[in-house]
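The structure appears right after this line, and notes come after that.
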Amino acid sequence: RPRTQEVEKDELVGTTYLGKYELVSVLGAGGMGVIYKAHQVFLERDYAIKMLKNKFASDKAKLRFHQEAKAASAINYPGIVGINDFGIDDQGCPYMVMEYVEGMTLSDLQKQRPQSILPVAEALPIFIEMLEALAVAHSKGVVHRDIKPSNIMLALRPDNSAHVKLLDFGIAKVRDFEDRTMQDLTRTGEALGTPLYMSPEQINSTRVDARTDLYSCGCVMYVCLTGCPPF
């Protein structure tokens, strides 16, 4: 996450994007991407807009960005953050308009607990919803490949209870895309993901399927219940 002074200097905050989105604040940033909280001025609704701001980003980075939008929008499930729109702006920068989620990540919740350990009674409902969302993704032929606490959002319901929403399908593997995007995104010997939560086959850059997400879920469960990763 960016330092506060960097967030305050963002040149797009306070401007109107695409003629209809007022960019309110920066929700997160890293590498070449940034996510803004945006207010749709005509519908008076809040969204999150993710942009790949570096116009010199590689073709592979742009393909992964597009892949995220296509993968998440293909699922359409309450437990997965929804994608409302995707495009290229006048500056040549890809953007996607996403559902705005009020809440915190599972990683943030861990930091609030003593020794970063969640009680079983608190963790179990989160694990169940996480697996339910993944089951739907897998039924649509989507393998997330980057399940970790910071990609598990705990969204607040009106009664202040929380429900799980999976984030960041940027390196998802999607079955049967006609444009063969996945063949372009990966190559032999390239491992994508977060090492602490990656399955052995993912680390070794061999063929992966839905089981790699289940392995990562096991690592997430372990770290939530013990306060440290399994390896």
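The values are calculated or read from the model by the stated rules, or taken from the named source; none is laboratory data. Computed from a predicted model, the values in this text were never measured in an experiment. Every residue, glycine as well, gets a Cβ built from its backbone with ideal geometry; the counts of neighbours run over all protein chains shown. Protein only, heavy atoms only, side chains kept; ligands, DNA and RNA dropped before computing areas. Shrake-Rupley method; radii C 1.70, N 1.55, O 1.52, S 1.80 Å.
Miscellaneous remarks
- Heavy-atom accessible surface of the chain: percent carbon and sulfur, 1.4 Å: 52 percent
- The helix-based estimate of mean residue ellipticity at 222 nm for the chain, built from -39,500 (n - 2.57) per DSSP H run of four or more residues and divided by its residue count, is -9500 deg cm²/dmol to the nearest 500.
- Kyte-Doolittle at least 0.0, axis length at least 27 Å by Cα - qualifying DSSP helices, the chain: 120-139
- Evaluated at q = 0.21, 0.26, 0.34 Å⁻¹, the base-10 log of the normalised Debye intensity for the stretch 48-87, with identical point scatterers placed on the Cα atoms, takes the values -0.68, -0.92, -1.23.
- Cα→Cβ-extended label distance, 7 Å offset, between Thr226 and Leu63, nm: 3.7 nm
- Cα extents for the chain along the principal axes, largest to smallest and rounded to whole angstrom: 46, 44, 32.
- Working from label points 7 Å from Cα in the Cα-to-Cβ sense, the Ser161 to Ser107 distance is 2.8 nm.
- Summed side-chain charge close to Asp46 - residues other than Asp46 whose Cβ falls under 11 Å, Lys, Arg +1, Asp, Glu -1: -2
- Note that the chain presents 53 Å² accessible area per residue, ligands and nucleic acids not counted, probe 1.4 Å.
- Long pairs among Lys20/Lys173; Lys111/Lys165; Lys62/Lys140, criterion Cα-Cα beyond 26 Å: Lys20/Lys173
- Separation of the Ser116 and Leu18 label points, Cα + 7 Å toward Cβ, nm: 3.6 nm
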